[in-house]
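Scroll down for the structure; my scribbles are underneath it.
Each value in this text was obtained by applying a stated rule to the coordinates, not by laboratory testing. Keep in mind it's a predicted model, so treat the numbers as computed, not measured. A quick note on method: Cβ atoms are made from the backbone with ideal geometry, for glycine too, and the neighbour counts reach across all protein chains shown.
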Amino acid sequence: MPRSPLPTLPTPLPTVEVAGDARRGVPHVVLGRPGEATDDEVTVALGPGGDALDQEWITSCGATGKAGETHAAPGRTPRWLLGVGDGGPKQWRTAGAALARAVNGRAKSDSDAGRTAARSVQVRFEDGADAEEIAAFVLGVTLGGYGYTVTSEQALPTLRTVRLIVAEDRIAEVTAIVANAVGMAEATAFTRDLANTPSNVKDPAWLASTAARVADGVPGLRATVRDENWLSDNGFGGVLAVGGGSSRPPRLIELSWRPRGATGPHLVFVGKGITFDTGGISIKPADGMHLMRTDMAGGAAVISALIAIARLRLPVRVTGLVPCAENHVSGSAYRPGDVVRHYGGQTTEVTNTDAEGRMVLADAIEYARARLKPDHLVDVATLTGAMKVSLGVRTAGLFATDDALAERVAEAGGRVGEAWWRMPLLEEVADAVHSDIADVRQMPKGPGGIAAASFLRAFVGETSWAHLDIAGPARAEKAYDEVVPGASGFGARTLVELAASFA
């Protein structure tokens, strides 16, 4: 049987249904919370739904109700006990993701044993479950079982359907909550898809054409792809310099969402689209270079966010720009010491060809300011390893010239489970951006993340601007919450929620 060289993109996620009644023959999930410790034993207080499980079995399996703890009761159609902790969106997200992984593991085990694998579950929510809890659970259960593999083997059986049981008078309300949460999950998953795709497939042309193909299937979303000739004719010197060392030329993706009756400001999102980064002449160490297939995670987040915004029909005007290039080593690669002229005329003294992300972003930011005239401009990039040192790998850096915009970004991230920490734009670092032989220096002295942000600030002018450095949380080495190893999809949900906050 012939197999596709790549997984189906976008990756199909479990379907989430909302109903007022349970379905026969489908495994139930009982939600448990921590109970009181008595005589050195921890009991589980049954939570939403109030379904009863055999207390002796609960005790024997050592259930505590901790968020993400899963136990399957014996039987051909197992009943699951799922710990949801003491509440809070993060715990519900963790619980949903753990359930997806547990069901997938059970399905694989059943399949290996020659048994029919259960690929659906149903979860009863109590009347008091609020929108945040339900949305967080849906995010977790749809994303927690995500996987991306290029293999000759048959796909393993995985969770296909999650049926949420709620009171009849809440079906419409919960259906709307689920639709929004699924939209967020799809944006995250597609960001993962794009970032995980190996770079022998994912060159700038592939990324641009894939984005355009998916966007063309969304009513009202317009996709425009510009090639290297257009970039040359229009003076995108930064993109052309970075892409000049590769045999696979650069592209610029522009996605435009202009709904009728749009209210509020015009938002422009700019995402770094480096489809592979060798470092160029300032070449990277071999260790870890294979991870540079995800160096376009910021661009993937912008592409996925625009698609989600259009699918959710948010009544706000949003444009996405993704400058795409492959940073390679060859006789035509740009060099340290070069002076590059960007779109709009400003020049940069190159000091390290591995600081390529800021070069392509500078062109796109200037283009956005001159041609699109945004009210707010937000760029997203896996820009500096320094941010991983500063904030670790689960929190992203946030820089901004506008306090209100910074607060809005951080709050949007908080609502969708993505953590941001505001970093300063230091004047002493800004002074170091000036070059002796050009307008600006590519890598000014100072803390790496702040220096990169200060370089970009030189292209922003008076526009309300936020810079999101996602180098840390864009990739994961192990599973946590709804995140799985590989590309995390970080940033896409924040952009969608940010746009929704202006709608």
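Key figures for this structure:
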quantity	calculated
Linear extension gain, Leu291 paired with Thr116, 0.36 nm per residue minus alpha-carbon span	59.3 nm
Order by protection proxy (mean Cβ within 10 Å, highest first), peptides 316-326, 438-448	316-326, 438-448
Evaluated at q = 0.11 Å⁻¹: base-10 log I(q)/I(0), Debye formula over Cα of segment 153-224	-0.48
Helix 448-457 axis, angle to the chain major axis (alpha carbon atoms, nearest 10°)	60
Extended-chain gain in nm, criterion 0.36 nm per residue less alpha-carbon gap, Lys108 and Ser330	75.3 nm
Angle in degrees between helix 131-143 and the longest Cα principal axis of the chain, rounded to the nearest 10	80
Ranked packing of 422-433, 186-197, most packed first, by mean Cβ within 10 Å	186-197, 422-433
Expected-Rg normalisation [2.2 N^0.38 Å, Cα atoms] applied to segment 15-184	1.02
Between segment 171-206 and segment 399-459, the alpha-carbon center distance in angstrom	27
Principal axis dimensions, the chain - Cα atoms, whole angstrom, descending	77, 51, 48
Label-point separation in nm, Val339 to Glu132, each point 7 Å along Cα→Cβ	5.4
Acute angle (nearest 10 degrees) that the helix 356-367 long axis makes with the longest principal axis of the chain, alpha-carbon atoms	80
Karplus 3J(HN,Hα) series, Hz, for segment 53-63 with 6.51 cos²θ - 1.76 cosθ + 1.60 (x for Gly, Pro)	10, 4, 4, 5, 5, 4, 5, 5, 8, x, 5
Order of Ile437, Ile177 under a 10 Å beta carbon neighbour criterion, fewest first	Ile437, Ile177
R0 of 51 Å, Cβ-Cβ distance Lys478-Asp233: FRET efficiency to nearest 0.05	0.65
Value of D in µm² per second that Stokes-Einstein yields for segment 85-243, Kirkwood Rh from Cα pairs, at 4 °C (1.567 mPa s)	69
Taking the convex hull of Cα positions in segment 52-150, its mean projected area over all directions (nm²)	7.4
